[in-house]
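Beneath this line is the structure, given in structure tokens, with notes to follow.
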Amino acid sequence: MLSDAQLIYQGAEARVYRTPFLGRTAVVKERFSKAYRHPTLDHKLTSRRVVQEARLLQRCRRAGVDVPAVYYVDQERSTIYMEHIDATTVRDYLRQNTGLAADEVSALADIIGGQLAKMHAADVVHGDLTTSNMMLSKQEPFKITLIDFGLSYTSTLAEDKAVDLYVLERAFLSTHPNSEAMFQRILDAYGTASGRQHAKQVLHKLDEVRLRGRKRSMLG
Ligand SMILES: Nc1ncnc2c1ncn2[C@@H]1O[C@H](COP(=O)(O)OP(=O)(O)OP(=O)(O)O)[C@@H](O)[C@H]1O
């Protein structure tokens, strides 16, 4: 790793550094090997995933979704260099500001719903939607940047997009108590921002996915 890189995150599958890069601050996300896999196979799978993540970031960006710009992909080292987003996570922001004014909550929900609608309209399914994977820049107006496309894929299916929203719903309600109204506002914004038949189908599917989830938890 570059000598003046600063480790900001160490996960089970990736390390994230902050580093100067061509006169800017960049984030370097490096995927590392899994010890149990054959080294050659592992390198192939890891570098394929890195390329996939970078492609999906670019696809989102082209569709007008706020995501970090990709600067450089080093396939050999399974590393992506991307724009550093200088912001707090939506998770921390909501946890630290429990008494937010209703209009601020609505504004945030509208932006989140709008971003998710754009992402799904581009047929990108995030795969790990949580409030930790949304960065909030508290400049006026608010800006939400979606990060961590490591589990993302493309799909045209309303079902896949509905599951994406369901994952967020579960994460949202368990991380942020009494956030039902905010989550509903996110869905409303998603529906209006998409403004397409497809968004209606996704929201309809979401009801089915919820029902399945409830049945599953009843059965234990
Ligand atoms: N572009 C960025 N700008 C600022 N911070 C970032 C950026 N990308 C990642 N981070 C920080 O690094 C952390 C981990 O990044 P990320 O979520 O992409 O990794 P991960 O969860 O290990 O990924 P994966 O789920 O793909 O294995 C984030 O929670 C965030 O704090």
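List the relative contact order of segment 6-83 as a percent without decimals, with contacts defined as Cα pairs under 8 Å and 6+ residues apart.
26 percent
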Tabulate in residue order the Karplus-calculated ³J(HN,Hα) for segment 73-85, using 6.51 cos²θ - 1.76 cosθ + 1.60 with θ = phi - 60°, rounded to whole Hz; enter x for Gly and Pro. 10, 9, 5, 4, 9, 6, 10, 10, 9, 9, 4, 7, 9
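Could you grab the relative contact order for the chain? Cα pairs under 8 Å, six or more apart, rounded to a whole percent. Let's see the in-between values first.
Numbers: 336 pairs, mean separation 37.8, N = 220.
Relative contact order, the chain: 17 percent.
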What nm distance separates the two modelled labels at ARG212 and ASP123, each placed 7 Å from Cα along Cα→Cβ? 2.1 nm
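Rounded to the nearest 20 debye, what is the charge dipole size of the chain about its Cα centre when +1 sits on each Lys and Arg Cβ and -1 on each Asp and Glu Cβ? Before the final figure, lay out the partial values.
Working: 31 positive and 26 negative charges, 134 e Å.
Computed charge dipole of the chain: roughly 640 debye.
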Note to self: Kirkwood Rh of segment 5-134, Cα pairs, one decimal, Å, is 16.5 Å
Pairs to check: LYS29/LYS161; LYS161/LYS205; LYS161/LYS200. Give those whose C-alpha atoms are more than 18 Å from each other in this structure. LYS29/LYS161
For segment 38-109, what does the equivalent ellipsoid look like in terms of its semi-axes, each the square root of 5 times an eigenvalue of the Cα gyration tensor, given largest first in whole Å? 35, 15, 10
Enumerate the lysines that LYS138 could reach by cross-link, defined here as Cα to Cα under 23 Å, with residues fewer than 8 away along the same chain left out. LYS118
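Multiplying the sequence separation of ARG37 and ARG170 by 0.36 nm and subtracting their Cα-Cα distance, what value in nm do you get? Could the numbers behind the result be given before it?
Numbers: separation 133, 0.36 × 133 = 47.88 nm, distance 3.19 nm.
Using 0.36 nm per residue and subtracting the Cα-Cα distance, I get 44.7 nm.
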In Å and from the alpha-carbon atoms only, list the Rg and Dmax of segment 6-83. 13.0, 39
log₁₀ I(q)/I(0) of the chain at q = 0.09, 0.16 Å⁻¹, via Debye over equal Cα point scatterers, no solvent, to two decimals? -0.39, -1.16
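Would you list the membrane-span-like helices of the chain, meaning whole DSSP H runs whose alpha-carbon atoms span at least 24 Å along their axis and whose mean Kyte-Doolittle value is at least -0.5? Can you show the working numbers first?
Details: long enough: 39-62 (34 Å, -1.00); 102-121 (28 Å, 0.45); 158-175 (25 Å, 0.16); 197-219 (34 Å, -1.04).
Span-like helices here: 102-121, 158-175.
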Residue by residue, what Karplus-based ³J(HN,Hα) values in Hz, rounded to whole numbers, does segment 5-16 have, using 6.51, -1.76 and 1.60 with θ = phi - 60° and x for Gly and Pro? 7, 10, 5, 10, 7, 10, x, 6, 10, 8, 10, 10
Which cross-chain or sequence-distant (5 or more) residues have an amide H under 5 Å from the amide H of LYS143, H modelled 1.01 Å from N in plane? SER137
Please list, in chain and number order, the residues 5+ apart from ILE8 or on another chain whose amide H is under 5 Å from its amide H, with Hs placed from the backbone. VAL16, TYR17, ARG18
Cubic angstrom per residue, convex hull over Cα atoms of segment 124-187: 99 Å³
Taking θ = phi - 60°, what integer Hz values does the Karplus form 6.51 cos²θ - 1.76 cosθ + 1.60 yield along segment 63-70, in sequence order, with x for Gly and Pro? 7, x, 7, 7, 9, x, 6, 8
In units of 2.2 N^0.38 Å, what is the alpha-carbon radius of gyration of segment 68-195? 1.07
Order these peptides, 134-141, 161-168, by their mean beta-carbon neighbour count within 10 angstrom, highest first. 161-168, 134-141
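Give me the extension gain from LYS200 to ASP86: residue separation times 0.36 nm, minus the current Cα-Cα distance, reported in nm with one decimal. Spell out each step's value before the answer.
Working: separation 114, 0.36 × 114 = 41.04 nm, distance 3.43 nm.
Here the answer is 37.6 nm.
So what's segment 104-157 giving for Rg/Rh, alpha carbon basis, Kirkwood Rh from the mean inverse pair distance?
Details: Rg = 11.7 Å, Rh = 11.8 Å.
Rg/Rh for segment 104-157 comes to 0.99.
Readers should treat all values here as calculations from the given coordinates under stated rules, not as data from a laboratory. Source: prediction; values computed, not measured. Counting neighbours? That spans all protein chains shown, and the Cβs are built from the backbone with ideal geometry, glycine included.
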